[in-house]
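Engineer: Before anything else, here's the structure in question.
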Amino acid sequence: MSNALRREILVAMQIVLLALLSVASASAQATQLEKPPMADEVFKNIQVLKGMPADQLAPSMQFVNASLGVQCDFCHVPNAMDKDDKKPKKIARQMMEMMFAINKDNFNGSRMVTCYSCHRGAIRPVGTPIIDEAKMTGGAMSMPMPKQPEGEPAQPSGPAAEELIEKYVKALGGAKAIDAVTSRVATGTIDFGGVSYPIDVYSKDPDMRASFVHMPDGDNITSFNGQEGWLGAPHRPTRDMHGSDIDGASIDADLHFATHLKAMFRQVETEGTEKVGDHDAYSVVGKREGKPPLRLYFDEQSGLLLRLVRYGETPLGLLPTQVDYADYRDLNGVKVPFRWTLARPSGQFTIQAKDMKENVAVDVAKFAKPAGAPEGPGKR
């Protein structure tokens with residue numbers, strides 16, 4: 001592999017790993033000691049999205065990227081993002097103002113219309129119905145866009161959501177066995193765009209998780225210590241997780257996620273069945289206080305969780321992150337997925353564990369921020 005190609009893969013890997021992190025946590029923001037800075041206080045030349053928390057700007061731009069199927073340089077001048085030299089940037093501002101006005105004037109301010117409502121992944125708005133070749137041939141899109149969890153709720157269809165959650169807990173091995181897990185260490189590979197690298201993932205109760213992707217130029221690290229998180233990449237400064245990262249990181253780090261599910265929701269209901277790969281699955285939506293909902297897909301036969309969809313809050317719309325779980329194996333009386341695929345409209349990666357151990361000693365130093373790294377939210 002040439003050095004140039006290696007550098008390109010490294011940069012792309014870093015960008016996608018940062019982009020594919022999990023979604024917003026209102027509770028983490030609420031516990032900050034200081035009011036979070038606004039976008040127009042941190043970035044230059046913010047005109048439409050003034051008054052928005054600064055940590056929502058990047059997810060908002062990702063939402064535009066996914067809605068129009070473009071990259072940042074479509075609107076922005078590379079290395080000079082604040083400049084207004086490109087016409088599409090000015091048009092994008094007008095479109096945002098139009099979207100806000102439509103929702104204000106027609107939907108009492110509720111976000112019913114978004115960029116994706118009209119564009120559907122195209123630069124120009126889609127005005128003609130599209131013939132979906134995948135549906136005609138009985139296939140499926142590689143990553144269908146999750147249903148928008150806004151608007152009128154669907155009529156419940158299927159077993160009660162509470163029953164499905166209980167079945168899931170039993171399918172894993174029961175609450176007692178799940179709650180007895182204090183740590184988990186996995187070694188395997190991460191596949192990114194057809195290129196694989198070794199990876200080690202360390203999890204420790206309560207809610208600590210760190211992954212180390214061993215790349216040619218050094219380790220790419222994502223770490224969460226139960227309260228704050230950070231990302232490290234070779235030859236780049238350590239970067240803190242912010243509002244759009246924390247919630248997903250805490251879900252991924254929770255070794256007792258299955259037994260915590262009921263307490264997470266203020267309302268939960270079954271919305272029917274859908275296909276997840278070759279499996280028929282019950283779709284369950286759980287609404288959380290002060291956070292976007294979660295959508296869970298439980299296998300009709302086994303009861304195991306096949307897919308989880310979570311949403312990042314942005315002023316322009318909800319940004320979905322989809323996690324598919326597969327290759328469940330028995331590990332000391334608890335079934336654990338040895339393969340998981342994390343996908344967003346911007347891309348995806350798959351982690352395949354080759355070896356996994358539970359209840360082994362894990363040094364808390366694995367989750368420690370490197371010396372000299374910037375302080376996390378609320379500690380500036």
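Engineer: I need the phi-derived Karplus couplings for region 302-317: 6.51 cos²θ - 1.76 cosθ + 1.60, θ = phi - 60°, integer Hz, Gly and Pro marked x.
Structural biologist: For region 302-317, the Karplus curve yields 7, x, 6, 6, 9, 8, 10, 10, 10, 10, x, 7, 9, x, 8, x Hz.
Engineer: Go through 40-50, 108-118 and give me the packing order, highest mean Cβ count within 10 Å leading.
Structural biologist: Numbers: 40-50: 13.7, 108-118: 15.5.
In decreasing order of mean packing, 40-50, 108-118 become 108-118, 40-50.
Engineer: Turning to a different aspect of this structure: Show the residues, 5+ positions off or on another chain, whose built amide H is closer than 5 Å to the amide H of Leu304.
Structural biologist: Asp299
Engineer: Same structure again: By how many nm would the segment from Lys83 to Ala122 lengthen if fully extended, with 0.36 nm per residue of separation less the alpha-carbon distance? Provide the component values of the computation, followed by the final result.
Structural biologist: Details: separation 39, 0.36 × 39 = 14.04 nm, distance 2.41 nm.
Between Lys83 and Ala122, full extension yields 11.6 nm more.
Engineer: Residue-wise, which Karplus ³J(HN,Hα) couplings in Hz belong to region 200-217, taking 6.51 cos²θ - 1.76 cosθ + 1.60, θ = phi - 60°, and x for glycine or proline?
Structural biologist: Once rounded to whole Hz, the list reads 10, 10, 10, 10, 8, 6, x, 6, 10, 8, 9, 10, 10, 8, 8, 9, x, 9.
Engineer: Computed FRET efficiency, Cβ-Cβ of Ile102 and Lys335, R0 51 Å: what is it to the nearest 0.05?
Structural biologist: Details: r = 47 Å, r/R0 = 0.92.
According to the calculation, E is roughly 0.65.
Engineer: Express the relative contact order of region 161-367 as a whole percentage, based on alpha carbon pairs under 8 Å and six or more residues apart in sequence.
Structural biologist: Numbers: 446 pairs, mean separation 46.5, N = 207.
Computed over region 161-367, the figure is 22 percent.
Engineer: Where does each of 80-89, 333-342 land if you order them by average Cβ count within 10 Å, highest first? All intermediate terms of the calculation are to be shown ahead of the outcome.
Structural biologist: Details: 80-89: 12.3, 333-342: 17.8.
Descending mean neighbour count gives 333-342, 80-89.
Engineer: Say the cut-off is 32 Å between C-alpha atoms; which of Lys291/Lys369; Lys50/Lys275; Lys287/Lys335; Lys86/Lys287; Lys50/Lys204; Lys170/Lys357 go over it?
Structural biologist: Numbers: Lys291/Lys369 27 Å; Lys50/Lys275 41 Å; Lys287/Lys335 26 Å; Lys86/Lys287 40 Å; Lys50/Lys204 39 Å; Lys170/Lys357 21 Å.
Over 32 Å apart, Cα to Cα: Lys50/Lys275; Lys86/Lys287; Lys50/Lys204.
Read the figures in this text as sums done on the coordinates, not as results from a lab. Given the structure is predicted, the values throughout are model-derived calculations rather than measurements. As a convention, Cβ positions derive from the backbone with ideal geometry for all residues, glycine included, and neighbour counts pool all protein chains shown.
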